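Following: one structure in structure tokens, then a few remarks.
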Amino acid sequence: MKQEDKTINIIAEAFQISVEFIDLGDDNRLDFGTVKVKDIMEKYFTIKNNGLYEIKYKFVMRKQNYR
């Protein structure tokens, strides 16, 4: 049994994800300087979404020593 041809209309929108990292160094890294073992160091930065839609983000530490 042959099925009839059907037209399917597809509407799509392309957009660019645009984020800005504020308070990072010139090389886009957090520089903690020299930190002694067992010392706690905190640094803060801001992620600003300049895009048209909401974004999600996830931080992944690849090396176990950094976790």
Kindly list, by first and then second residue, each pair from a residue in the range 43-56 that is at negative phi and surrounded by 10 or more Cβ atoms within 10 Å (Cβ to Cβ) to a residue that is acidic (Asp, Glu) and not in a strand (DSSP E or B), limited to pairs with Cβ atoms under 6 Å and residues at least 6 apart or on different chains.
PHE45/ASP23
Neighbours by Cβ (under 8 Å, 6+ apart or cross-chain): first from the range 17-34, more than 19 Å from MET61 (Cβ to Cβ); second surrounded by 10 or more Cβ atoms within 10 Å (Cβ to Cβ) and of a type in the set (Phe, Trp, Tyr):
ILE22/PHE45; ASP23/PHE45
Test set (1) out of contact with any Lys or Arg (no Cβ under 7 Å at 6 or more places or on another chain); (2) surrounded by 10 or more Cβ atoms within 10 Å (Cβ to Cβ) - VAL19 fails condition number:
(1)
Whether any residue in the range 9-22 is under 27 Å from the mean Cα position of the chain (by Cα) and at positive phi is what I want to check.
no
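Since every read-out is calculated from the coordinates, none of them should be taken as a lab result. Fair warning: this is a prediction, and the values are worked out from it, not measured in the lab. All Cβ positions, even for glycine, are placed from backbone atoms using ideal geometry, and neighbour counts span all protein chains on display.
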